[in-house]
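Student: Supplied in structure tokens, the structure appears directly below.
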Amino acid sequence: MRHARPAAAAPDDYTETEWPVKHRSNHRIPILLGVALSVAISPAVGAQASPRDVASGLRAGRRDAQQKPGSQPTKPPRGYTHLAVVGFQPADDGDPRDTWIAVAVQETLAWRLQRTPSLILIPTVRAYQGRHELREEATEQPKWSRVVRLLGGELYLTGTCSGPADSVRLDLKLMRPDGGGTLQEMAAIGPSRLFDALNQATRWVLSRLGVPQLGEPARRLIFAPPCKSPSALEYYAKAITAARAENMRDAVHYAAKSVEYDREYRPALALLAQIEMQRVPLLPAALHNRTSAVIQARLHALTRSARRAGDTHDLAEAELARAVTLRLSGSFDAALERVQSALVISYEAGNPYGQLAAMDSICDLYLSRRLPPGIELTEEQRREIRRQDYRQAAEWQRLVLGALHELGDVLAEAPAASKLALIYQDLEEHDAALQMHRRTLAA
């Protein structure tokens, strides 16, 4: 296997330019929750917090923010740019042994842009999920321009890559998703070592998007070497490729190999934990404790590394993953506390997709809650508790639906409205259910 030597240190920051891209973002992506959120869903309040009260903090929170700069994440002067990183392909004349480089470049650039202030990045997994949803309705693979447009994106970054890893060449294209995709900017990078090429590509994208000069913490996080060894990145890319092909056995194998080369490589740790959590319910009962212990160890390593790096995105992801393990064990209150923690972290970081994931998880928690065994209640009392849980779920699902609308994710709005309609049906709120069914059909 051919590998590049890891870069010794993060490079100097990119050179800021005066908004060279013709496109100027007017699409306003608000912070989804108000400054009252951290109080409204604090562990002390716990399950008694009302989603309506949380959401009602929005207007008041914005007023407070005007009076007290820094009291909540603020919209950068030029606004957010909503984009995706998708469709990277190996060059047609490339060596088949180097096809992993295209996936590695795409995943690393997406990871970095997701953590860049003033950018809102559509998660790569959501982009591929959206393409899969459209593929079910079409006879051929949907164009990325259409996928990104229906997910609310204003721009998307794509390109081709050729190797080997010690001499990588990137041909990058920044596209608008109108029509079949309109070229806005392009660049040729390299040949360079893989990590150097990634840094050059990152600087080019940030300058083309007119991102303001990064502060030192953000610069260190974004321009740090992706991992300790290019081998870790190679095996992670192969794991992602296998996971997209729904070959989870190979995905686990390659992700585990990635962690062998770098035990604190957070993307690989998160992928392994996610796959293993999906397998837990299918395992014999005798293996549950052992597998859960392995998952907890991975999440502990993920959290430790994220805290050391100051990576709030991975901290929130680790909290959500811990909530899943607690939910599987039947610990509702502990799971809810973890999701609430993820929600607060994502809010404070100005990460709307993190907030969306947390709100969706809270909804699912209330829908799936089971009363502990041994509690003596009448059938009427059980129905009332269940009704209260479904009421909470409906309120959180309304927030999810509103967030999807704000993000412009047309593909997800219909399923979210349908889910809310079914919750209303169980609550016997038929007018509200009918309204949501109509919204589903209109989406």
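Student: How compact and how long is the range 227-381, expressed as Rg and Dmax of its alpha-carbon atoms in Å?
Tutor: 17.0, 61
Student: I would also like to ask the following. Among residues other than Ser361 whose Cβ falls under 13 Å from its Cβ, what is the net charge (Lys/Arg +1, Asp/Glu -1)?
Tutor: Summing Lys/Arg as +1 and Asp/Glu as -1 gives -1.
Student: What shape does the range 282-367 take by its C-alpha gyration tensor, where a ≥ b ≥ c are the square roots of the eigenvalues and a/c under 1.5 counts as rounded, a/b above b/c as prolate, and the rest as oblate?
Tutor: Oblate shape, in that a/c is at least 1.5 and b/c is the bigger or equal ratio.
Student: Suppose each label sits 7 Å from its Cα in the direction of the beta carbon; what would the Gln381-Arg249 distance come out to in nanometres?
Tutor: 5.0
Student: Stretched out fully, how many nm does the piece from Ala293 to Tyr128 gain, at 0.36 nm a residue minus the Cα gap?
Tutor: 56.3 nm
Student: Let me ask something else. List the residues whose amide H sits under 5 Å from the amide H of Gly153, counting only those 5 or more places along or on another chain, with H placed 1.01 Å from N in the peptide plane.
Tutor: It is none; the list stays empty.
Student: On average, how much accessible surface per residue is there in the range 226-293, in Å², for a 1.4 Å probe, leaving out ligands, DNA and RNA?
Tutor: Averaged over the residues of the range 226-293, the accessible area is 51 Å².
Student: Now, a different point. How many angstrom lie between the Cα centre of the range 240-308 and the Cα centre of the range 148-209?
Tutor: 29
Student: Excluding ligands, DNA and RNA, what is the solvent-accessible area per residue of the range 386-443 at a probe of 1.4 Å, expressed in Å²?
Tutor: 49
Student: List, in order, the whole-Hz ³J(HN,Hα) value for each residue of the range 143-154 obtained from phi through the Karplus relation with A = 6.51, B = -1.76, C = 1.60 and θ = phi - 60°; use x for Gly and Pro.
Tutor: Here the 3J(HN,Hα) series is 6, 5, 4, 5, 4, 4, 4, 6, 8, x, x, 9 Hz.
Student: Extension gain Leu183-Gln89, at 0.36 nm per residue separation less the Cα-Cα distance, in nm?
Tutor: 32.2 nm
Student: With a ≥ b ≥ c the root eigenvalues of the C-alpha gyration tensor of the range 143-297, is it rounded (a/c under 1.5), prolate (a/b larger than b/c) or oblate?
Tutor: Prolate shape, in that a/c is at least 1.5 and a/b is the bigger ratio.
Student: Loop-only check: which GluC sites (Glu not before Pro) in the range 370-404 are DSSP coil with at most 12 other Cβ within 10 angstrom?
Tutor: Hits after loop and neighbour filter: Glu376.
Student: Could I ask something else about it? Computing the accessible area with a 1.4 Å probe over protein heavy atoms, can you report the carbon and sulfur percentage for the range 225-383?
Tutor: About 51 percent, which is the carbon plus sulfur part of the accessible surface.
Student: Please give the per residue accessible area of the range 87-200, computed with a probe of 1.4 Å over protein heavy atoms only, in Å².
Tutor: 41
Student: In whole Hz, what ³J(HN,Hα) sequence does the range 204-213 give by Karplus (6.51, -1.76, 1.60; θ = phi - 60°), x for Gly and Pro?
Tutor: Once θ is set to phi - 60°, the couplings for the range 204-213 become 5, 4, 4, 5, 5, 8, x, 5, x, 3 Hz.
The values are calculated or read from the model by the stated rules, or taken from the named source; none is laboratory data. For clarity, every value in this text was computed on a predicted model and none was experimentally measured. Ideal geometry is used to build each Cβ from the backbone, glycine not excepted, and the neighbour counts take in all protein chains shown. For the accessible areas, the whole protein counts, side chains as well, though only heavy atoms, and no ligand, DNA or RNA atoms are used. Shrake-Rupley method; radii C 1.70, N 1.55, O 1.52, S 1.80 Å.
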